[in-house]
1. If you go through the range 198-216, how many residues are of a type in the set (Phe, Trp, Tyr), in a helix (DSSP H, G or I) and open to solvent by less than 40 Å² (accessible area, probe 1.4 Å)?
2. Checking the condition open to solvent by less than 50 Å² (accessible area, probe 1.4 Å) and touching a Leu at 6+ places or on another chain (Cβ under 9 Å), which residue from Val195, Val161 passes?
3. Can you pull out every residue in the range 128-146 that is part of a loop (DSSP other than H, G, I, E, B), under 25 Å from Asn197 (Cα atoms) and at pLDDT 95 or above?
4. Looking at Thr112, Thr103, can you tell me which residue is closer than 22 Å to Asn171 by Cα, at pLDDT 95 or above, part of a loop (DSSP other than H, G, I, E, B) and of a type in the set (Val, Ile, Thr)?
5. List pairs: first residue in the range 130-157 and among the small types (Gly, Ala, Ser), second residue surrounded by 17 or more Cβ atoms within 10 Å (Cβ to Cβ) and part of a loop (DSSP other than H, G, I, E, B) anywhere in the structure, Cβ distance under 8 angstrom, at least six positions apart or on different chains.
6. Between residues in the range 189-206 that are modelled with pLDDT of 95 or more and residues that are of a type in the set (Phe, Trp, Tyr), which pairs lie under 6 Å by C-beta distance while being six or more apart or on different chains?
7. Would you pick out the residues in the range 9-28 that are surrounded by fewer than 16 Cβ atoms within 10 Å (Cβ to Cβ) and in contact (Cβ under 8 Å) with a residue 24 or more places away in the chain?
8. Assess whether Asn141 counts as being at negative phi and touching a helix residue (DSSP H, G or I) at 6+ places or on another chain (Cβ under 8 Å).
Amino acid sequence: MKLPTSIKVYYADFPFWRAEILRAGLYLQGIPFENITDKEKLSDFKAKGLAPFGAFPVLEVDGEILSQTQACAAYVGKFGNMYPTNEDTFAQAKCDEIINGCTDATETIISTFRVENPKEMREKLMDPSGGRLHMHMKGLNSIMCKDGSDFACGTDHGLTVADLAVWRLVNWFSGGKLDHVPKEFVLSFPNLKKVYNNVEDNEKIQAYLKEYYPEK
């Protein structure tokens, strides 16, 4: 696959999975990119109508714009070996399924950000007896590591953009930044936990973290 001459990643200076799937994905494949995190630049970009859906992350590739997390992730993953090949279209769909599952979990918890009683709502969402967030996490857990390995899409595909999505999603939910969401909640799902640990222990990921988040 021919590499573009210029790649820019637009997102806030925050290690959220939607952006990290692109930043870390490019870094792990040795592909240079410009990391645009400046608030004024992001605001200007959006004001000019360059973000098709009014949200980030956005990729700018040789002057062309690409948005939507899953589409950007698949594009980045195809540069190297971080997305299943076209010879296995079902595996590609499974990779997309995992990423979209991360989106579902994200949207569900975001729905609690502006409610009067987030504690009560979040506890209901995490309830194993029908809680929507619990359902999303259980669903994610069930579709990953089907071969028993530590890789989201299985050993045959190794570390993919889906692994990166799960890694940062678990980090977000277990990092103490979401009030009333104990870290034990997401870590109680064994496949989510082992994918997180597998990515976190990766030497290149550790190098990435030291370079992009030296004080975090």
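1. Of the residues in that region, 1 qualify.
2. Checking each option against the conditions leaves just Val161.
3. Across the range 128-146, the qualifying residues are Pro128, Met144, Cys145.
4. Criteria check complete, one pass: Thr112.
5. Ala152/Met144; Ala152/Cys145; Ala152/Thr160; Gly154/Cys145
6. Every condition considered, the pairs that remain are Tyr196/Trp167; Val199/Trp167.
7. Selection gives Ala12, Asp13.
8. yes
The values are calculated or read from the model by the stated rules, or taken from the named source; none is laboratory data. Here the structure is a predicted model, which is why all the values come from computation and not from measurement. So basically every Cβ, Gly included, is an ideal-geometry build from the backbone, and we count neighbours across all protein chains shown. Accessible surface is based on the protein model in full, side chains and every heavy atom, while ligands, DNA and RNA are left aside. Shrake-Rupley method; radii C 1.70, N 1.55, O 1.52, S 1.80 Å.
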